[in-house]
């Protein structure tokens, strides 16, 4: 089988056996990027020489009989929000156009230890704020299945790179659905781990109580392998949790017996596209045929999740993004009257419209006279959302839902209607507020050949259950094997 | 909860957020932020009496570590991305009158 059609697990085996070298694999993906990325625009930065240099060093290690890490020379694409020493890390923003981090994020250190090849930096909505990757200051990424449509966002570049066979694995970050929604739109596997499962050290902060790094892959096994590589405690992130990390890539093939799947009646309401609903109902039938029990559960506060999110996330963002002041790093305006004016002008020039909108919203929600009415109120409803899940998970093992209410929307379709754009995250946002792990897996196609994603959620730190449940479905279906016509073959 | 958002409110928030806005942006934010706030007002329907706010998904209390000096970023690396330095410090515009 060709390199580009293979899964991460297959490639690692072939690398280990010596059937292919890291140079072969890395070269194949670099050529795929050269062939397809002119149309897809998934990457912001690809350093061909540096990628090949890493591949050569790993091949050399293997030739000398030295111990090689779990990824053994496999390329991984990185969302441009994760600090990588010596590589540009722009966050899709003019503010950080010339920013080169002096250190590696924890997940990057882990990838280097695992002998991954860092193949390139992927496009994203500016500072991870958006659901379409249209908020990038640099380029608009296309959905590989239909170049007139968005790949979703904010990790749209990573999702499109994996969908178009330009990388077997990629990292993204998910604050309100930014891994799962683009994975759904692009027909790949994407996973948001439990809050605290993966260190955020070196992840440029958007909303610190919600942000989490996670994997993209072209099958569930690849997501298990990449999660296993990056998960675990790191003393540099005090919110990372010191819980043992299961061997996801080993247990993923073991089906779950007696699986109880919850469906929330609140998820199947108006606004849900009929073809999406049909795909999810079909997926539930697949699970039923595997012996799973489908039970209805209730998440009565889920309809408030988007409203809670658009108070909590912008509030945290307004605080986090205060660091861009034109002093320590980032853009400084050329013309200003005084110190305060220097801040205001630098931030006005460096940030794009959506980032400014969220800073404004958060600043308003935290300002004197509004804090109780907005921020505190949102935090209380956040707890009710979490309580709903705690109650539901006493009845079921996982909760199944659509990833998004519709398949991928057109580029430009929602760009002037922020609220409509926010509502495309209606199924994903609750997991961030509650801190739960979630996975998006390919579950069908629309009549116009656009991927449809199935989301599974589990209780905190049950990623292993989630991956095994996802793999049970994947084994019975071939949705994940389909590739878009735009992908190099 | 929210009264109608006015351009004056937007300008006040922009000042707090240290953002210089164009006239067009003030108009745009007045309309669009107003729309988002109207949507968020739906939270007012929810009874949250006796509910503790949830600030974090993993509610850890204090996380302690031993207080040991470890190597930190070298000065040169720390200054490497700064718009203006003298090689030792970050430089900012003058903030006191030169007298």
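A few remarks follow.
- Of all DSSP-defined beta bridges confined to the protein assembly as shown, some 65% are antiparallel rather than parallel.
- Chain B: angle of helix B:7-16 to the longest principal axis, Cα-based, in degrees nearest 10: 30 degrees
- As a length-normalised measure over Cα pairs under 8 Å and 6 or more apart, the relative contact order of chain A settles at 18 percent.
- For the residues B:87, B:27, B:44, a GNM of chain B with alpha-carbon springs under 10 Å puts the largest fluctuation on B:87.
- Legend: ranking of residues A:289, A:142 from fewest to most surrounding C-beta atoms inside 10 Å; resulting order A:289, A:142.
- For the pair residue A:56 and residue A:103, a Förster radius of 25 Å applied to the C-beta separation gives a FRET efficiency near 0.55, rounded to the nearest 0.05.
- For segment A:391-438 versus segment A:241-290, the gap between their alpha-carbon centres in whole angstrom: 14 Å
- The equivalent ellipsoid of segment A:173-309 has semi-axes of 28, 21, 15 Å, largest first, where each one is the square root of 5 times an eigenvalue of the Cα gyration tensor.
- With semi-axes defined as the square roots of five times the eigenvalues of the C-alpha gyration tensor, the equivalent ellipsoid of segment A:282-362 measures 47, 14, 9 Å, largest first.
- Here is the size of segment A:350-410 from its Cα atoms: Rg then Dmax, 17.3, 49 Å.
- Proxy reagent accessibility, fewest Cβ within 10 Å first, across A:296, B:45, A:474: B:45, A:296, A:474
- Debye intensity ratio I(q)/I(0), log10, segment A:430-483, q values 0.29 Å⁻¹ (C-alpha model): -1.09
- Working note: 222 nm ellipticity from helices only, DSSP H runs with n ≥ 4, each -39,500 (n - 2.57), summed and divided by the residues of chain A, gives -11500 deg cm²/dmol to the nearest 500.
- Convex hull volume per residue in cubic angstrom - Cα atoms of the protein assembly as shown: 164 Å³
- Measuring nothing but how far apart in sequence close Cα pairs (under 8 Å, 6+ apart) lie, relative to its length, chain B scores a relative contact order of 19 percent.
- Tilt relative to chain B, helix B:23-40 - C-alpha long axis, 0 to 90 degrees, to 10: 60 degrees
- Compared with the alpha-carbon gap, the fully stretched path from residue A:278 to residue A:45 is longer by 80.0 nm at 0.36 nm per residue.
- Prolate/oblate/rounded call for chain B, Cα gyration tensor, a/c under 1.5 rounded: oblate
- Gained length - residue A:406 relative to residue A:247, 0.36 nm times residue gap less alpha-carbon distance: 53.8 nm
- Label-to-label distance for residue A:293 and residue A:391 is 2.0 nm, based on points extended 7 Å past Cα in the beta-carbon direction.
- Here r is the Cβ-Cβ distance between residue A:376 and residue A:64 and R0 is 60 Å; the resulting FRET efficiency, rounded to 0.05, is 0.50.
- Fewest neighbouring Cβ atoms within 10 Å first, the residues A:186, A:165, A:83, A:67 line up as A:67, A:83, A:165, A:186.
Since every read-out is calculated from the coordinates, none of them should be taken as a lab result. No experiment lies behind these values; they were computed from the predicted model shown. Glycine gets a Cβ as well: all are built from the backbone with ideal geometry, and neighbour counts include every protein chain shown.
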